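The values are calculated or read from the model by the stated rules, or taken from the named source; none is laboratory data. A quick note: this is a predicted structure, and the numbers were derived from the prediction, not measured. Cβ sites come from the backbone with ideal geometry, for glycine too, and all protein chains shown count toward neighbours.
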């Protein structure tokens, strides 16, 4: 039997903006509930056949709704998906469109809303867990247009980095910034 609750625990441990943890996770294993949830969008028709699901819940949005909440939910969803993959379990994210139906099925209070559901289960064809996730495979690293900016020499000179515990010539700006932060913390510690 699929222990969907363990995936909710994985999601719970995900980092969130300012550690606010503005979320709840509802584990769904009941087949009737899964069937009813398949009505939240036309893209959830597979949900009745899932071994279980995790519903990602947040406060209902208002004009001051921090946008970081959805970023945090995405991080939690990714952790669920990767944990499932590691266990040989397939997952499928579902964007909820009928918030009222989701709230009714999940028994949510008036101030909460289900934004996403992640279906979990074993694919009918086990090869689905090893095939490329999209037609043609993943884009190659070089195809992503990824550029790592090298710090210009004048920036490196102004930062006075001689005593940093990294080889600055081999670092990008983000790595240099991280090293500077660590170095500043290390210098403030008393022996």
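Any residue at all in the stretch 111-119 that is exposed (fewer than 11 other Cβ atoms within 10 Å of the Cβ) and either in contact with a strand residue (DSSP E or B) (Cβ under 9 Å, 6 or more places away or on another chain) or modelled with pLDDT of 80 or more (or both)? Yes, the stretch 111-119 contains at least one residue that is exposed (fewer than 11 other Cβ atoms within 10 Å of the Cβ) and either in contact with a strand residue (DSSP E or B) (Cβ under 9 Å, 6 or more places away or on another chain) or modelled with pLDDT of 80 or more (or both).
Does any residue of the stretch 38-52 turn out to be over 25 Å from residue 127 (Cβ atoms) and assigned to a helix (DSSP H, G or I)? Yes: the stretch 38-52 contains one or more residues that are over 25 Å from residue 127 (Cβ atoms) and assigned to a helix (DSSP H, G or I). Looking at (1) more than 15 Å from the chain's Cα centre (by Cα); (2) within 16 Å of residue 99 (Cα to Cα), which is the one condition that is false for residue 70? With respect to (1) more than 15 Å from the chain's Cα centre (by Cα); (2) within 16 Å of residue 99 (Cα to Cα), residue 70 is out only on (1). Taking residue 21 as meeting all but one of (1) touching a strand residue (DSSP E or B) at 6+ places or on another chain (Cβ under 9 Å); (2) loosely packed, with under 15 Cβ neighbours inside 10 Å; (3) closer than 20 Å to residue 108 by Cβ, write down the number of the exception. With respect to (1) touching a strand residue (DSSP E or B) at 6+ places or on another chain (Cβ under 9 Å); (2) loosely packed, with under 15 Cβ neighbours inside 10 Å; (3) closer than 20 Å to residue 108 by Cβ, residue 21 is out only on (1). Of all residues in the stretch 1-36, those being at pLDDT below 75 and not in a loop (DSSP other than H, G, I, E, B) number 9. Scanning the stretch 80-110 for residues that are surrounded by 13 or more Cβ atoms within 10 Å (Cβ to Cβ), assigned to a helix (DSSP H, G or I) and more than 18 Å from the chain's Cα centre (by Cα) turns up 99, 101, 102, 103, 105, 106.
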